[in-house]
Amino acid sequence: MQTASKVVVVVFDGLRPDMVTPDRMPNLAAFAEDSLWFREARSVFPSMTRVATSSIATGAPPALHGIVGNSFYYPDVTRDFVLDTSRAEDIALAESRLGSPLIAAETLGDRLAVHDKSFAVVHSGSAGSTYAINPRAAANGHWTFSVMGRDATRTPHAVDEVVERFGPLPLRTLPRFEETDYVTRVFTEHVLGEMDPDVALIWFNEPDTSFHYKFLASEDTNAIMLAVDAAFGRILAAIRRRPDADDIAIIAASDHGQISSSGVADIATLLTGAGHKAARGSSRAINGADITVTGGNMGEIRIVDGDMERRDQIARWLMQRDEIGMLFTPSDDPVLGAVDGTFSTTLVGLDHVRQPELVYVLRSATDADEHGLPGLGLITGGVPVGGGMHGGLNRHELNTVLILGGASRGGRPGLSEAPSGIIDIAPTILDLLAIPAPASMRGASLIAAATREHRPRTEIFETGTGAFRQMFSVVRRGQHAFPVHGGRVT
Ligand SMILES: [Zn+2]
């Protein structure tokens with residue numbers, strides 16, 4: 001049975017659920033109070049934006065959608081540089097070399113199109129994130145607007161339409177006040193006011209950007225959080241003004257959390273010092289390197305010539321480093337990796353054919369940062385020390401905002417501790433519109449979950465060699481294991 005006439009989805013990039021409080025985000029906190037809040041919702045690993053966006057779109061972990069990192073070495077596409085999925089040209093290159101879509105799994109957008117449902121997206125993230133939320137938007141007859149301009153969307157006519165009505169695209173500033181205001185106007189007046197699609201989604205690039213560069217809970221960041229919260233208030237007001245407001249489902253979500261950085265461990269430089277010529281993913285050149293290394297607070301290490309002896313040697317060397325929190329290698333075993341002491345990539349849902357030979361996560365802890373927010377970890381660089389980061393398996397990176405309101409709350413406002421996550425968003429939207437989800441969607445509709453009592457049982461795994469020991473915990477629902485927390489034990 002169709003339980004909503006329309007679905008409105010609001011995504012706050014990087015928002016931590018423990019920051020949804022009446023003082024930081026009054027409109028969202030009040031909405032949560034009156035809605036069904038999945039307080040234990042989880043992202044996927046790596047907890048990065050394009051990986052998570054692909055999981056939101058496909059209702060599945062990276063093992064299924066194949067976006068195994070924000071950037072990843074993909075020799076089938078190019079051996080010249082590490083693919084950067086934020087770039088439209090890299091995605092286009094991948095699709096032309098592969099002769100197939102970069103995200104092949106059926107998406108929410110694809111399924112909506114089959115059922116003649118319209119889907120409009122207003123996005124303020126990178127071209128790659130904008131692509132990933134509805135990769136076949138043009139073929140699906142859908143509409144995706146990007147505040148980054150015509151080149152950042154597969155439906156550039158959406159940008160033309162918006163600029164014609166609302167004027168030039170806003171200048172990019174930090175925090176992103178102007179972009180937040182512009183996209184909110186586009187969403188409330190153009191998408192909800194004129195287009196009136198079956199599913200409407202807005203993606204705010206904040207508070208993620210300010211968390212990274214202005215730090216979690218700083219004065220600037222608190223101000224932009226209030227601004228995106230006010231934007232959410234404007235969206236709710238636009239919905240409530242409608243005569244059919246009661247039939248509209250509203251989903252508020254984030255793609256991952258963030259933790260503050262406490263110091264730098266530059267893995268590429270360390271490995272070069274240990275005798276392995278390393279090319280950084282961000283360098284856009286491999287130039288005869290032995291290995292490619294991506295960064296953040298976790299990353300992949302690829303052996304360019306495929307020499308697994310080197311991989312094993314690097315893994316064992318990293319286990320002796322105090323900066324390393326976790327290590328994963330591909331394996332036939334569901335828990336233990338091919339290299340003794342590592343976990344299997346299968347355990348974290350990363351076992352796609354594109355997976356790297358070795359994945360590291362830098363050490364993090366649940367200690368409080370200078371603003372009293374739990375979660376502190378090392379980074380390879382990229383943002384100033386103290387700035388926020390995500391990608392790893394700290395519970396404060398993995399825990400996401402997931403709140404079902406309006407016609408989707410099932411008449412039962414409250415907190416749910418049911419196992420849930422970003423992979424459930426697409427199946428939930430489809431269920432609200434009475435559309436069956438494709439079998440590839442590992443997520444489940446939370447409309448049904450909301451009516452059942454769950455007592456999540458946490459499974460804890462541990463492995464290691466010598467002084468290196470790592471743990472990882474999951475909560476299982478059927479075949480899917482939601483990642484809860486992982487890190488170094490000693
Ligand atoms: Zn993000």
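Values for this structure:
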quantity: Only one of M298, M326 that is touching a Pro at 6+ places or on another chain (Cβ under 9 Å), within 25 Å of V51 (Cα to Cα), buried (at least 22 other Cβ atoms within 10 Å of the Cβ) and among the aliphatic types (A, V, I, L, M); calculated: M298
quantity: Qualifying positions in segment 317-342 - more than 14 Å from E300 (Cα to Cα) and of a type in the set (A, V, I, L, M, F, W, C); calculated: W317, M319, V335, L336, A338, V339
quantity: Every pair of residues 6+ apart whose Cβ atoms lie under 6 Å, when the first sits in segment 108-119 and is closer than 9 Å to G141 by Cα while the second is of a type in the set (G, A, S); calculated: F119/G109
quantity: Of all residues making up segment 379-388, the number that are crowded, with 24+ Cβ neighbours inside 10 Å and under 12 Å from V264 (Cα atoms); calculated: 2
quantity: Residues of segment 206-224 satisfying the condition of being in contact with a helix residue (DSSP H, G or I) (Cβ under 7 Å, 6 or more places away or on another chain) and of a type outside the set (D, E, K, R); calculated: P207, S210, F211, F215, T221, I224
quantity: Those residues of segment 408-429 which are of a type in the set (A, V, I, L, M, F, W, C), under 27 Å from A237 (Cβ atoms) and surrounded by 23 or more Cβ atoms within 10 Å (Cβ to Cβ), in sequence order; calculated: I422, I425, A426, I429
quantity: Odd one out for A439 among (1) more than 22 Å from the chain's Cα centre (by Cα); (2) in the same structural domain as V199 (by TED's automatic domain parsing); (3) part of a loop (DSSP other than H, G, I, E, B); calculated: (1)
quantity: In segment 93-117, the residues that are among the aliphatic types (A, V, I, L, M) and either part of a loop (DSSP other than H, G, I, E, B) or under 21 Å from the mean Cα position of the chain (by Cα) (or both); calculated: A94, L102, I103, A104, A105, L108
quantity: Checklist (1) within 16 Å of the ligand (Cβ to nearest atom); (2) among the β-branched types (V, I, T); (3) more than 17 Å from P17 (Cα to Cα) applied to I248, failing item; calculated: (1)
quantity: Spans of strands (runs of 3 or more DSSP E) in segment 316-398 with at least 1 residues within 16 Å of the ligand (Cβ to nearest atom); calculated: 374-379
quantity: Single match in A88, A52, A60, A94 (criterion: out of contact with any helix residue (DSSP H, G or I) (no Cβ under 7 Å at 6 or more places or on another chain) and modelled with pLDDT of 95 or more); calculated: A94
quantity: Single unsatisfied condition, S440 versus (1) surrounded by fewer than 24 Cβ atoms within 10 Å (Cβ to Cβ); (2) away from the ligand (no atom under 16 Å from the Cβ); (3) under 22 Å from V20 (Cα atoms); calculated: (3)
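Residues are listed down the side, and each one gets a yes or a no for (1) part of a strand (DSSP E or B); (2) modelled with pLDDT under 95:
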position	(1), (2)
V228	no, no
G233	no, no
L236	no, no
D246	no, yes
A252	yes, no
H256	no, no
S262	yes, no
T269	no, no
T272	no, no
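To keep it simple, each residue is scored yes or no on (1) within 16 Å of the ligand (Cβ to nearest atom); (2) not basic (K, R).
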| site | (1), (2) |
| --- | --- |
| S210 | yes, yes |
| K214 | yes, no |
| T221 | yes, yes |
| V228 | yes, yes |
| I239 | no, yes |
| P243 | no, yes |
| S262 | no, yes |
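The values are calculated or read from the model by the stated rules, or taken from the named source; none is laboratory data. Since the structure is predicted, the reported quantities are computational estimates derived from the model, not experimental observations. Cβ sites come from the backbone with ideal geometry, for glycine too, and all protein chains shown count toward neighbours.
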